[in-house]
Each structure stands twice: as structure tokens, then as C-alpha cells.
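Student: There's a structure below that I have some questions on.
The values are calculated or read from the model by the stated rules, or taken from the named source; none is laboratory data. From a predicted model like this one, the values you see are computed outputs, not experimental measurements. Methodologically, a virtual Cβ is constructed for each residue, glycine included, from the backbone with ideal geometry; neighbour enumeration extends over all protein chains shown. Note: accessible area is taken over every heavy atom of the protein model, side chains too, but ligands, DNA and RNA are not part of it. Shrake-Rupley method; radii C 1.70, N 1.55, O 1.52, S 1.80 Å.
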Amino acid sequence: VTLRTILDQFDYFNLDEHPAFAGMISTTERVAEHVANRIAEQIGQLETDQQPAPGGTVNVILKESPVAYAGYERPL
């Protein structure tokens, strides 16, 4: 799983025009949710012996500035 692969789809892109956010505002919370879901998808495609133990979660925190951030956590 490479975070860079997931983030490459957003580099230099107006997120309000990105297909992943069609019909919604691309808030930091929605971007964190999208990234977490893509990470979970990639982890789900790993061989069984490479997957984390049952009950694991993925937690994404995005910082807009030193005092403004949002996060999203989901089960794997």
C-alpha cells in the first residue's frame, strides 16, 4: 500500500472538480474519508497473510495548518 499512489490523484487538482467529490463539497473531512477508504481498499487486496490482524482500523489525519485539521477513522 502506498499513500503516494493514492495522493497522486489529487496533486495539482481542484478538489471541488475531482470526480471523487461529485455532488459534495471537498471538505478536509471528506478528503480524509476518501483517502482512508482507498487505503482500506488497497489493504483488502493484500494476500491474507499480509493483511493486518482482525479488528484493525485505518486513521487518516489531514492538517490544513498547525491549528486546523480533520480526521477520519474506519475499520479494515
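Student: Scan segment 19-35 residue by residue and report those that are assigned to a loop (DSSP other than H, G, I, E, B) and under 14 Å from the mean Cα position of the chain (by Cα).
Tutor: Taking segment 19-35 and keeping what is assigned to a loop (DSSP other than H, G, I, E, B), we get 22-27.
Of everything in segment 19-35, those that are assigned to a loop (DSSP other than H, G, I, E, B) and under 14 Å from the mean Cα position of the chain (by Cα) turn out to be Ser26, Thr27.
Student: In addition: Scan segment 54-76 and report the pairs whose first residue is outside any strand (DSSP E or B) and whose second residue is of a type outside the set (Val, Ile, Thr) and open to solvent by 100 Å² or more (accessible area, probe 1.4 Å), with Cβ atoms within less than 9 Å and a gap of 6+ or a chain change.
Tutor: So the pair list comes out as Leu76/Pro54.
Student: Can you tell me which residues in segment 51-60 are β-branched (Val, Ile, Thr) and open to solvent by less than 30 Å² (accessible area, probe 1.4 Å)?
Tutor: Matches in segment 51-60: Val58, Val60.
Student: For segment 64-76, give me each residue that is modelled with pLDDT under 95 and open to solvent by 90 Å² or more (accessible area, probe 1.4 Å).
Tutor: Residues satisfying the conditions are Glu64, Pro66, Val67.
Student: What number of residues within segment 10-50 satisfy the criterion of being in contact with a helix residue (DSSP H, G or I) (Cβ under 8 Å, 6 or more places away or on another chain) and open to solvent by less than 70 Å² (accessible area, probe 1.4 Å)?
Tutor: Residues in segment 10-50 being in contact with a helix residue (DSSP H, G or I) (Cβ under 8 Å, 6 or more places away or on another chain) and open to solvent by less than 70 Å² (accessible area, probe 1.4 Å): 11 in total.
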